[in-house]
Amino acid sequence: MQASSEPLEDAEIGVRDRVVARMANDRQSGVQSVTAGGTSAAAFQRGRAASQTDCIVRFVGVSKSFDGSTRVVDDLNLEIGRGEFLTMLGPSGSGKTTSLMMLAGFEGVSSGDILIDGHSMRGVPPYRRNIGMVFQNYALFPHLTIAENLGFPLLARRMPRNDIRERVRQALDLVQLSGMGERRPAQLSGGQQQRVAVARALIYQPSLVLMDEPLGALDKQLREQMQLELKRIHARLGVTFVYVTHDQTEALTISDRIAVFDQGRIRQLASPAQLYEAPESVFVAQFLGETNCLGGTVVENAQSSCRVTLETGDIVLAPPAIGLRAGDPTVVCVRPESIQLSAMRHDGPNQFRAEVLERIYLGDHVRLRLRVCGNDDFLVKLHRDSPMPALHAGDWSFVRWQPDDCRALPASSGANKAV
Ligand SMILES: Nc1ncnc2c1ncn2[C@@H]1O[C@H](COP(=O)(O)OP(=O)(O)O)[C@@H](O)[C@H]1O
Ligand SMILES: [Mg+2]
């Protein structure tokens with residue numbers, strides 16, 4: 001069941017060709033304001049600006065319930081910029097696939113509306129939405145060659161054979177499978193078959209491509225290779241990608257922006273760097289990468305810093321925290337790679353005695369599990385080249401971190417709690 005396998009009118013194909021060509025031109029001349037694969041804060045800003053001025057998809061107050069009571073997608077509002085690589089990231093069951101299926105038209109919305117190019121998609125069937133799709137299960141026809149698999153839907157649209165041959169050649173070239181057109185799917189590896197599935201979604205030159213965990217069946221090395229490849233293809237075509245994954249590393253690698261889903265809602269929508277460095281909730285801080293959490297109470301949230309008393313009575317200084325006031329419960333989050341160890345106490349804030357509970361050697365870095373301020377799961381990640389005291393289980397040390405490297409977040413913003 002693929003949107004892209006439905007025949008479309010030739011006239012529509014012509015329009016699409018022109019749109020894609022225009023987008024490619026814009027990209028070359030630098031007019032297009034969404035950067036492909038940009039992960040910097042600047043790219044995020046540009047992405048935002050583009051999504052406001054030139055947005056291809058809008059979810060407007062979209063909710064979905066299958067049983068009439070539980071909302072598996074709950075008041076979703078999201079704008080996707082033209083040419084953007086947007087990833088929906090979240091734990092299993094958080095509503096990512098349902099959101100994508102509603103965008104594709106395979107599921108109806110219970111309330112709200114989805115707009116593509118400013119037009120409501122209510123009552124518009126999947127094959128009229130000009131969308132290409134890639135699923136985890138790539139489902140190629142086993143009895144057809146790769147070229148026939150790719151050309152089949154174009155043939156069904158009665159495209160001239162010479163044009164089909166050229167389109168297939170370009171598509172194979174795009175996914176680096178030139179010369180493989182005469183093979184059958186069984187003669188390709190899993191990774192190569194998935195490339196064919198990507199080529200098949202792109203062969204119509206749709207302006208919007210949706211992918212639902214497309215690399216989930218591949219092993220780690222192949223997955224990482226394909227992530228870079230998808231990013232390259234996206235940059236080359238300038239087409240909008242909406243990508244679903246539960247894999248945070250994958251999301252960080254490939255996306256312009258990431259929408260973090262939890263229980264049918266978007267917890268935060270930002271660039272990878274912004275999400276990692278400035279999570280707005282404990283949920284996001286924990287879901288993207290590792291983080292150490294220390295519970296406490298806000299003593300003072302001033303313009304220069306937020307002062308927190310931990311449950312142990314220790315004081316932590318963090319940057320000013322949005323939405324917190326003196327007396328509020330908070331969780332201070334600090335990344336394992338932001339922590340320094342030393343044998344002696346230095347001047348400055350955020351220094352605590354730490355007992356080493358475990359040492360794990362991982363080649364390029366060493367992980368230490370420590371007891372810090374009553375937390376027995378306090379992780380420190382030391383790069384191989386960093387000056388590293390020879391610490392082992394049972395040793396004592398001091399940990400410290402810069403106030404700018406931690407965040408005081410609302411205590412109620414963890415997993416499975418409303419924010
Ligand atoms: N066709 C369906 N009928 C009933 N419940 C469904 C259906 N599809 C999904 N769900 C439920 O909706 C929730 C969200 O599912 P889904 O969108 O597939 O999540 P994700 O892709 O984030 O793992 C889950 O609780 C799931 O069981
Ligand atoms: Mg899913």
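Can you tell which of Arg407, Arg359 is under 27 Å from the mean Cα position of the chain (by Cα) and in a strand (DSSP E or B)?
From the options Arg407, Arg359, the qualifying one is Arg407.
For the subset of region 168-203 comprising residues that are over 28 Å from Asn130 (Cβ atoms) and of a type in the set (S, T, N, Q), which member is surrounded by the most Cβ atoms within 10 Å (Cβ to Cβ)?
Among those that are over 28 Å from Asn130 (Cβ atoms) and of a type in the set (S, T, N, Q), it is Gln187.
Among the residues of region 166-173, is any over 23 Å from the mean Cα position of the chain (by Cα) and within 25 Å of Ala251 (Cα to Cα)?
yes
Give all pairs with beta carbons closer than 7 Å in which a residue from region 311-322 that is more than 16 Å from Val334 (Cα to Cα) meets a residue that is part of a loop (DSSP other than H, G, I, E, B); count only pairs at least 6 apart in sequence or on separate chains.
Hits for this filter: Glu311/Gly374; Thr312/Cys373; Thr312/Gly374.
Output yes when any residue across region 401-409 is farther than 21 Å from Ala278 by Cβ and either surrounded by 15 or more Cβ atoms within 10 Å (Cβ to Cβ) or at pLDDT 90 or above (or both), and no when none is.
No, every residue in region 401-409 fails to be farther than 21 Å from Ala278 by Cβ and either surrounded by 15 or more Cβ atoms within 10 Å (Cβ to Cβ) or at pLDDT 90 or above (or both).
Given the conditions (1) over 22 Å from Ala259 (Cβ atoms); (2) more than 16 Å from ligand 2 (Cβ to nearest atom); (3) touching a residue at least 12 places away in the same chain (Cβ under 8 Å), which single one is not true for Asn162?
So Asn162 meets the others, but not (3).
With respect to the numbered conditions (1) over 24 Å from Leu100 (Cβ atoms); (2) at pLDDT 95 or above; (3) of a type outside the set (S, T, N, Q), which one is the sole condition not fulfilled by Phe261?
(1)
Test Ser120 against the stated conditions and say whether it is among the polar types (S, T, N, Q), closer than 23 Å to Val260 by Cα, away from ligand 2 (no atom under 16 Å from the Cβ) and at pLDDT 95 or above.
So Ser120 does not fit the description; no.
Got a sec? Which of Leu294, Leu370, Leu324, Leu341 is under 12 Å from Cys406 (Cβ atoms) and either among the hydroxyl-bearing types (Ser, Thr, Tyr) or assigned by TED's automatic domain parsing to the domain that holds Trp401 (or both)?
Unique residue meeting the criteria: Leu294.
Can we say Gly216 is under 15 Å from the mean Cα position of the chain (by Cα) and part of a loop (DSSP other than H, G, I, E, B)?
For Gly216, the condition - under 15 Å from the mean Cα position of the chain (by Cα) and part of a loop (DSSP other than H, G, I, E, B) - is met.
Please specify each residue of region 52-97 satisfying the condition of being surrounded by 15 or more Cβ atoms within 10 Å (Cβ to Cβ) and either without any contact (Cβ under 8 Å) to a residue 40 or more places away in the chain or outside the structural domain of Arg236 (by TED's automatic domain parsing) (or both).
Asp54, Cys55, Glu79 - these are the residues of region 52-97 that are surrounded by 15 or more Cβ atoms within 10 Å (Cβ to Cβ) and either without any contact (Cβ under 8 Å) to a residue 40 or more places away in the chain or outside the structural domain of Arg236 (by TED's automatic domain parsing) (or both).
For region 344-353, state whether one or more residues are among the acidic types (Asp, Glu) and under 21 Å from Glu311 (Cα atoms).
Checked region 344-353: no residue is among the acidic types (Asp, Glu) and under 21 Å from Glu311 (Cα atoms).
Could you please find all residues in region 133-148 being among the aromatic types (Phe, Trp, Tyr), within 18 Å of Thr97 (Cα to Cα) and in a loop (DSSP other than H, G, I, E, B)?
Once the filter is applied, which keeps residues that are among the aromatic types (Phe, Trp, Tyr), within 18 Å of Thr97 (Cα to Cα) and in a loop (DSSP other than H, G, I, E, B), region 133-148 yields only Tyr138.
Pull up region 74-118, narrow it to residues that are within 16 Å of ligand 1 (Cβ to nearest atom), in a strand (DSSP E or B) and among the acidic types (Asp, Glu), then point me to the one that is farthest from Phe287 (Cα to Cα).
Asp75
Checking the condition hydroxyl-bearing (Ser, Thr, Tyr) and buried (at least 21 other Cβ atoms within 10 Å of the Cβ), which residue from Ser255, Ser304 passes?
That would be Ser255, the only listed residue that is hydroxyl-bearing (Ser, Thr, Tyr) and buried (at least 21 other Cβ atoms within 10 Å of the Cβ).
From Asp376, Asp347, which residue is surrounded by fewer than 15 Cβ atoms within 10 Å (Cβ to Cβ) and part of a strand (DSSP E or B)?
Answer to the selection: Asp376.
Could you please give the count of residues in region 386-400 that are part of a loop (DSSP other than H, G, I, E, B) and either over 36 Å from the mean Cα position of the chain (by Cα) or closer than 23 Å to Thr291 by Cβ (or both)?
Residues flagged as part of a loop (DSSP other than H, G, I, E, B) and either over 36 Å from the mean Cα position of the chain (by Cα) or closer than 23 Å to Thr291 by Cβ (or both) within region 386-400 amount to 9.
Quick one: in region 50-100, of everything that is among the aliphatic types (A, V, I, L, M) and over 17 Å from Met211 (Cβ atoms), which residue is farthest from ligand 2 (Cβ to nearest atom)?
Ala50
What about Arg48, is it at pLDDT below 95, over 17 Å from the mean Cα position of the chain (by Cα) and either within 14 Å of ligand 1 (Cβ to nearest atom) or part of a helix (DSSP H, G or I) (or both)?
Criteria not met by Arg48.
Looking at (1) in contact (Cβ under 8 Å) with a residue 40 or more places away in the chain; (2) more than 21 Å from Ser65 (Cβ to Cβ); (3) surrounded by 13 or more Cβ atoms within 10 Å (Cβ to Cβ), which is the only condition Ile114 fails?
Going through the list (1) in contact (Cβ under 8 Å) with a residue 40 or more places away in the chain; (2) more than 21 Å from Ser65 (Cβ to Cβ); (3) surrounded by 13 or more Cβ atoms within 10 Å (Cβ to Cβ), Ile114 breaks only (2).
Scan region 129-150 for residues that are touching a residue at least 40 places away in the same chain (Cβ under 8 Å) and either of a type outside the set (A, V, I, L, M) or touching a Gly at 6+ places or on another chain (Cβ under 6 Å) (or both) and jot them down.
Listed by number, the residues that qualify are Arg129, Asn130, Gly132, Phe135, Gln136, Asn137, Tyr138, Phe141, Pro142, His143, Ile146, Asn149.
The values are calculated or read from the model by the stated rules, or taken from the named source; none is laboratory data. Quick caveat: nothing in here was measured; it's all calculated off a predicted structure. No Cβ is skipped: glycine too gets one built from the backbone with ideal geometry, and neighbour counts run over all protein chains shown.
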